[in-house]
Amino acid sequence: MPKDGSVVRLDGQGKPLWLVLELTYRCPLKCPWCSNPVDYARDGEAELSTAEWKRVMREGRELGALQLGFTGGEPLLRDDLEELVADASALGYYTNLITSGVGLTENRLRALKAAGLNQIQLSLQSSDRELTDTLVGARAFDLKLKVAHQIKAQGFPMVLNVPVFRQNIGQVADILALAEDIGVDYLEFANIQYYNWAMVNRDELLPTREQIDAAEREVRAARERLGERMTIYFVIPDYYEGRPKACMNGWGSIHLTIAPDGAAMPCQEARIIQGLEFPSVRDKSLAWLWNESPTFEKFRGDAWMSPTCRSCDEKEKDFGGCRCQAFLMTGDAANTDPACSRSPHHHLIGEAIARAHAPGRKVQPLVMRNDGNSRRLAQGGHGGKGGSGGGTGCGSGNARVEVDHV
Amino acid sequence: MTDITAPSPPAAGERYVLNPMYLFRWEPTQDAHVLLYPEGIVKLNQTAGDIIARCDGRRTVADLVGELQQRYPGDDERVAEGVYKFLEVFRAKGWIRRQA
């Protein structure tokens, strides 16, 4: 096979190529790794109206956005979803629906197909009925499998997204078999990222290095066996990488998320960072928010970087990692992501791993994502307090974004 | 290491089609052809766009080479080599498939 030297990373040339709409924080599931803010249930602004979302989509397209994600919460809880998808298709977006599958009926699938929806990403948490239903706090397993087959029957390209954590990491082989049976096109094992609800439950969710290695071996074997029939992604948890993730391809680089209340954010977790303002599309144009808002400007380029990052030969590759993680773990969003082995705070990662796997550690019940817990956490404070990030609908935290250039 | 399952390189009589998972179209904001797929974007340079636009299941690789040689006159051998190399790379990436 010839070496392909012509593919390079594209920086988006200043365009928000990826527009993610968190249509709502409402969700029928109670996943304890949810990437929605822990205080989502506190009183706040109402969700954007249909007309407001349409304006956001139109302005996004004018700024050069190409990929559009409908997520939540559960985006199917918006009964204007089909109308929004039709509008997005007419504008020329590639439309992605990121869903738990709850509420996805044959009729809605047909309507979404007619509206021009391009692909569906369905979450699945386990190959086991009982474990799935326990983890998501609802009887969802049978429904998800049924919906998965219906999605394929309607001819949608389909991504099966599996958030990976201690409770399901041993099921990689079984989940692969399920995915093969469904005929999914892309299978994404996404080790969850520890923000918001996942941060609250980190001690109970974080797998061991050995578990991750074993899972990765299964994935490699499956890739060889399945060849081109299924693309399998395995998103490594940065806690075990030593190198930070190139989060969002850099802050304010290609990614723009709009929260249910209209707040514009460089990533779905960004409202975790205290001290930053997140103006709303209700008050500002998308062009102003993207091009001029101090929040989006804040971590662009390298002037904001700590000396550790600014002098690093990998700063163009990983942009110093994740601002949210730097804030959550060190208290300063401008610090080097502690997931980086060069970070002076890297020991915090090792300590978190050690704490989660300490011999004799008392197992705690998972704090489920629900309104009661949300109100309690909003008052009490926790790792994710003040956070108002947002969901991928299923807990992969940071959406995979691929931008190639030939 | 030899991979015995590796597909053979493109041949003159074969036909290629776009993988239906991908959307191929002109994107004015990029002034380029793009491939769109779940959560991904590929921006194509002019030659890559020219080639993928012709992977329609009707044209053979030989037809494709002929058309590209007309479009880029001068060095026929280089154009032919480029087309074969691009096809092999695109197929390996899963963007196009050999027509059965």
What are the principal axis extents of the Cα atoms in the range A:286-366, in Å, biggest first? 52, 31, 19
Around A:Gly170, with a cut-off of 14 angstrom between Cβ atoms, what is the net charge of the other residues, counting Lys and Arg +1 and Asp and Glu -1? -4
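State the antiparallel share, in %, of DSSP beta bridges confined to chain A, rounding to the nearest 5.
Numbers: 3 of 35 bridges.
Counting only bridges with both partners in chain A, antiparallel ones make up about 10 percent.
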Quick one: compute a quarter of the convex hull surface over the Cα atoms of the range A:60-189 and quote it in nm². 7.9 nm²
Treating the Cα atoms of the protein assembly as shown as identical point scatterers in vacuum, please give the log10 of the normalised Debye intensity I(q)/I(0) at q = 0.06, 0.10, 0.12, 0.13 Å⁻¹, two decimals. -0.28, -0.79, -1.15, -1.34
Accessible area, 1.4 Å probe, largest first: how do B:Asp31, A:Asp80, A:Asp302, A:Asp142 sort? B:Asp31, A:Asp142, A:Asp302, A:Asp80
Taking N as the number of residues in chain B, the ratio of its alpha carbon radius of gyration to 2.2 N^0.38 Å works out to 1.09
May I ask what percent, to the nearest 5, of DSSP beta bridges between residues of the range A:152-295 are antiparallel? 20 percent
What do you get for Rg/Rh over the range A:22-111 if you use C-alpha atoms and the Kirkwood form of Rh? 0.97
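Could you rank A:Trp53, B:Trp26, A:Trp304 by how accessible they are, 1.4 Å probe, largest area first?
Working: A:Trp53 0, B:Trp26 125, A:Trp304 40 Å².
Order by accessible area, largest first: B:Trp26, A:Trp304, A:Trp53.
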Summed over the other residues with a beta carbon less than 11 angstrom from that of A:Ser280, with K and R at +1 and D and E at -1, the charge totals -3
Quick one: Debye curve from the alpha-carbon atoms of the range A:113-262 only, equal weights, vacuum; give me log10 I(q)/I(0) at q = 0.08, 0.11 Å⁻¹ to two decimals. -0.25, -0.48
Could you state how much accessible area A:Tyr186 has, in square angstrom rounded to the nearest 10, with a 1.4 Å probe and all protein chains kept in place? 10 Å²
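Can you compute the helix-only [θ] at 222 nm over chain A? Use -39500 (n - 2.57) per DSSP H run of at least 4 residues, normalise by all residues, nearest 500 deg cm²/dmol.
Details: 16 runs with 140 residues, N = 406.
After summing the helix terms and dividing by the residues of chain A, the value is -9500 deg cm²/dmol.
Please go through the residue pairs A:Lys30/A:Lys146; A:Lys15/A:Lys113; A:Lys113/A:Lys152; A:Lys245/B:Lys43; A:Lys317/B:Lys93 and name each one whose alpha carbons sit more than 18 Å apart in this structure. Provide the component values of the computation, followed by the final result.
Numbers: A:Lys30/A:Lys146 20 Å; A:Lys15/A:Lys113 28 Å; A:Lys113/A:Lys152 12 Å; A:Lys245/B:Lys43 23 Å; A:Lys317/B:Lys93 22 Å.
In this structure, A:Lys30/A:Lys146; A:Lys15/A:Lys113; A:Lys245/B:Lys43; A:Lys317/B:Lys93 lie more than 18 Å apart at Cα.
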Treating every alpha carbon of the range A:190-273 as one equal point scatterer without solvent, the Debye formula yields log10 I(q)/I(0) values at q = 0.12, 0.15, 0.21 Å⁻¹ of -0.52, -0.77, -1.10
Assuming a viscosity of 0.692 mPa s and a temperature of 37 °C, what translational diffusion coefficient in µm² per second does Stokes-Einstein assign to the range A:125-164, Rh being the Kirkwood radius over Cα pairs? 303 µm²/s
If only Cα atoms are counted, what is the Rg of the range B:32-87, and what is its Dmax, in Å? 12.1, 39
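Using the Kirkwood radius over Cα pairs, work out the Stokes-Einstein diffusion coefficient for the range A:94-166 at 20 °C and 1.002 mPa s, in µm²/s as a whole number. Don't skip to the answer; put the middle values down first.
Working: Rh = 12.6 Å.
Estimated diffusion coefficient is 170 µm²/s.
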Pairwise over distinct Cα atoms, reciprocal of the mean inverse distance: report the Kirkwood radius of the range A:265-330 in Å, one decimal place. 13.1 Å
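Stokes-Einstein at 25 °C, 0.890 mPa s, Kirkwood radius from Cα pairs: D for the range A:210-347 in µm² s⁻¹? Before the final figure, lay out the partial values.
On the way: Rh = 16.6 Å.
Reported coefficient: 147 µm²/s.
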Descending semi-axes in Å of the range A:59-129, equivalent ellipsoid built from Cα gyration tensor: 23, 14, 10
How far apart, in nm, are the 7 Å Cα→Cβ label points at A:Ala214 and A:Glu45? 4.7 nm
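The values are calculated or read from the model by the stated rules, or taken from the named source; none is laboratory data. Since this is a predicted model, take the numbers as computed values, not measurements. Quick reminder, even Gly has a Cβ in these numbers, built from the backbone with ideal geometry, and neighbours come from all protein chains shown. Side chains included, ligands, DNA and RNA excluded: accessible areas come from the protein's heavy atoms. Shrake-Rupley method; radii C 1.70, N 1.55, O 1.52, S 1.80 Å.
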